[in-house]
Amino acid sequence: MTLAFASPLDAAEGLPHTIPYYLADRIKAGIIRWRYPPESSLREVELAAEFGASRGPVREALRILEQQGLVVHVPRRGFKVKAYTPDDLRQLYRLRAQLEGEVIDALADKDVGVLTDALERANEVMCFYAKRGDIEKYFAANVDFHQLMIDSTESSVLRTIMHQVNAMSLSIRYALLSSDFSGRGDYDYHARITQALCKRDFKLARNLTIEHITANLARAVEVYAKALRKYEK
């Protein structure tokens, strides 16, 4: 048995890959990496020229991203990248922590042997790219680690909800990583979570997962606010 999953970094999981969804994926990747920073305008004409598409599919792509909570539409002014308040960030991090706790609970009645092997490999990839200073590949491996657990629940409800929450949180997580790229805290936590799952200590794995996510909350609020000020200048 092997685990296969769609990374939320660049793909609209479970959705048809038509031109609007393809464009949504590409714009989303730019939002995550702050190529399109919060509050920046997403002009249909400019995006159409950038991606070699017509305005209709671009408009549909922006509507998709609006549904995912990544952009907002301002009447008579068009679309812009959503900016989060400190309260938004706190709610998002706490919600993600509790939902990932639910993910661990959903694994309790499953054989997690294949999953833990995959988690160990994902963590090894993270360590490798941390040592090489490759933020992009480290970030992808970090996201993949969490996605492996989500997909292993085989729960369409958790997958759908987590897809939405992850879509909204990835740009914040990317900013956090870019501000201090060591990676040590992440893969240490990941190793402890994996070890707890290997021992089928789901209570410990749940607590570690929640602790891992919420440990970054205060710094996420600070880093995001600092990044916003930088792009406002």
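Just so it is clear, none of the values below were taken in a lab; they were calculated from the coordinates. Quick caveat: nothing in here was measured; it's all calculated off a predicted structure. We place every Cβ from the backbone using ideal geometry, glycine too, and count neighbours over all the protein chains shown.
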request  = Could you tell me what fraction of 2.2 N^0.38 Å the Cα radius of gyration of the stretch 56-115 comes to, as a two-decimal ratio?
outcome  = 1.69
request  = For the chain, count the residues as N, evaluate 2.2 N^0.38 Å, and divide the Cα radius of gyration by that value, please.
outcome  = 1.03
inquiry  = Suppose the chain between GLU46 and ASN207 were pulled fully straight at 0.36 nm per residue; how much longer would it get relative to their current alpha carbon spacing?
reply    = 53.4 nm
inquiry  = Using a Cα-Cα cut-off of under 28 Å, which lysines could be cross-linked to LYS226, ignoring same-chain neighbours fewer than 8 residues away?
reply    = LYS28, LYS80, LYS82, LYS131, LYS137
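Hey, can you rank 117-126, 138-147, 40-49 by average C-beta count inside 10 Å, highest first? Before the final figure, lay out each step's value.
Working: 117-126: 19.0, 138-147: 22.1, 40-49: 15.7.
Final packing ranking: 138-147, 117-126, 40-49.
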Additional length obtainable on full extension of the chain from ALA108 to SER54, 0.36 nm per residue less Cα span = 14.7 nm
remark   = Using the Kirkwood formula on alpha carbons, the hydrodynamic radius of the stretch 104-233 in angstrom works out to 15.5 Å
inquiry  = Charges at C-beta only: +1 for Lys and Arg, -1 for Asp and Glu. How large is the resulting dipole of the chain about its Cα centre, in Debye rounded to 20?
reply    = 880 debye
query = At a Förster radius of 25 Å, what calculated FRET efficiency corresponds to the Cβ-Cβ distance of ASP117 and PHE181, to the nearest 0.05?
reply = 0.40
The stretch 107-233: relative contact order as a whole-number percent, Cα under 8 Å and 6+ apart = 29 percent
request  = Could you calculate, for the stretch 19-81, the ratio of the Cα radius of gyration to the Kirkwood radius, expressed as Rg to Rh?
outcome  = 0.91
inquiry  = Suppose each label sits 7 Å from its Cα in the direction of the beta carbon; what would the GLU66-TYR231 distance come out to in nanometres?
reply    = 1.9 nm
query = When ranked by the protection proxy of mean other Cβ atoms within 10 Å per residue, highest first, what sequence do the peptides 224-230, 53-59 form?
reply = 53-59, 224-230
